[in-house]
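J.: Before anything else, here's the structure in question.
The values are calculated or read from the model by the stated rules, or taken from the named source; none is laboratory data. On a predicted model such as this, the values are computed, not experimentally measured, just so you know. Here the Cβ is made from the backbone with ideal geometry for all residues, glycine too, and neighbour counts use every protein chain on show.
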Amino acid sequence: MSVSDNYRRITEKEAERLAPMYAPSWKDPSIPKKQRSIVSKELIAAKNGHWIAPYRVYVDLVGKAAEKIGDCFRVLDVGCASGYYVEVLGMKTWWKELRATYTGVDYSTHMIEWAKEFYPNEDFYVAEGTELPFADNHFDLSIDGCCLLHVVGWRKQLAEISRTAKSYVMLHRLPVTKDNGGIRHFIKDAYEIPCIEIHFNAEEIANVMMSLGFSLDTELLLSDHGEYESRSLLFRKIGG
Ligand SMILES: C[S@@+](CC[C@H](N)C(=O)[O-])C[C@H]1O[C@@H](n2cnc3c(N)ncnc32)[C@H](O)[C@@H]1O
């Protein structure tokens, strides 16, 4: 089984029409077990010093924000799945020294059940990324964890994530079209379940973030996929 398979390009209009059908795809109860069987191997490898790029980049960018914030650093992770990024952060001594706190959100009740079982001391909530149950500026850093690409209403999700962030927003594993190509929409199979995937235009994302009061601080490349790249972007609140 391949994690991502069978990409079919669709138009933006088709994506909007198909969104109600495909938006719940990741809630499928079959996904957490399949995903976790891959993740547990990656976590063991990381503990033995072999870090995959997404873990390394996540920790580097969270660490960058943490350096500026300091003690009692509060992090929100939207699209947290079974919560494994908190285990990745816990591999770094600075995470514990800062007495940092992690809150994970996912719209899949199955994912959150798994997360609570694996990490009973952390905070996890079932919620839509477009409707977060937190006050404005509640977190120092709010992360979209490779979730935005599946949300046709991504502008609303970006606004919501930015609203909860006092200082930083991170867009982790964002697919960005190369050569400043326009936004592209696809149907693909994720863990054998069809869902929508969006490849973004970097300038458009920067403009939307600017309109929300955030400017780009750091951008890291994770992988090159020919027509698009997977990048992680850290934005800082302007004047924050
Ligand atoms: C590609 S996985 C990423 C998991 C993990 N953050 C990572 O980077 O490996 C996308 C996650 O986002 C969740 N998700 C998808 N749409 C969502 C939505 N509208 N609101 C909240 N979570 C969503 C899925 O259930 C899934 O756990």
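J.: Determine which single condition P54 fails, assuming it passes every other condition in (1) more than 10 Å from the ligand (Cβ to nearest atom); (2) touching a residue at least 60 places away in the same chain (Cβ under 8 Å).
T.: (1) is the only condition that P54 fails.
J.: What are the residues in segment 196-231 that are more than 19 Å from R155 (Cβ to Cβ), out of contact with any Gly (no Cβ under 9 Å at 6 or more places or on another chain) and in a strand (DSSP E or B), if any?
T.: D217, T218, E219, L220, L221, L222, S223, D224, E229, S230
J.: Among K96, K64, which is over 19 Å from S167 (Cβ atoms), of a type in the set (K, R) and more than 16 Å from the ligand (Cβ to nearest atom)?
T.: Just one listed residue meets the conditions, K96.
J.: Restricting to segment 168-199, name every residue that is charged (D, E, K, R), closer than 28 Å to T218 by Cβ and at pLDDT 95 or above.
T.: If the condition is that a residue be charged (D, E, K, R), closer than 28 Å to T218 by Cβ and at pLDDT 95 or above, then R173, R184, E197 are the ones that fit.
J.: Further question on the same structure: Collect the residues in segment 80-103 that are touching a Leu at 6+ places or on another chain (Cβ under 8 Å) and not charged (D, E, K, R), keeping them in residue-number order.
T.: Passing the criteria: Y84, V88, W95, A100, Y102, T103.
For every residue, the table says whether it meets (1) closer than 30 Å to E227 by Cβ; (2) buried (at least 17 other Cβ atoms within 10 Å of the Cβ); (3) of a type in the set (K, R).
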residue	(1), (2), (3)
K27	yes, no, yes
I31	yes, yes, no
S37	yes, no, no
I44	no, no, no
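J.: When you scan segment 156-178, do you find a residue that is within 13 Å of the ligand (Cβ to nearest atom), surrounded by fewer than 16 Cβ atoms within 10 Å (Cβ to Cβ) and farther than 20 Å from A65 by Cβ, even just one?
T.: yes
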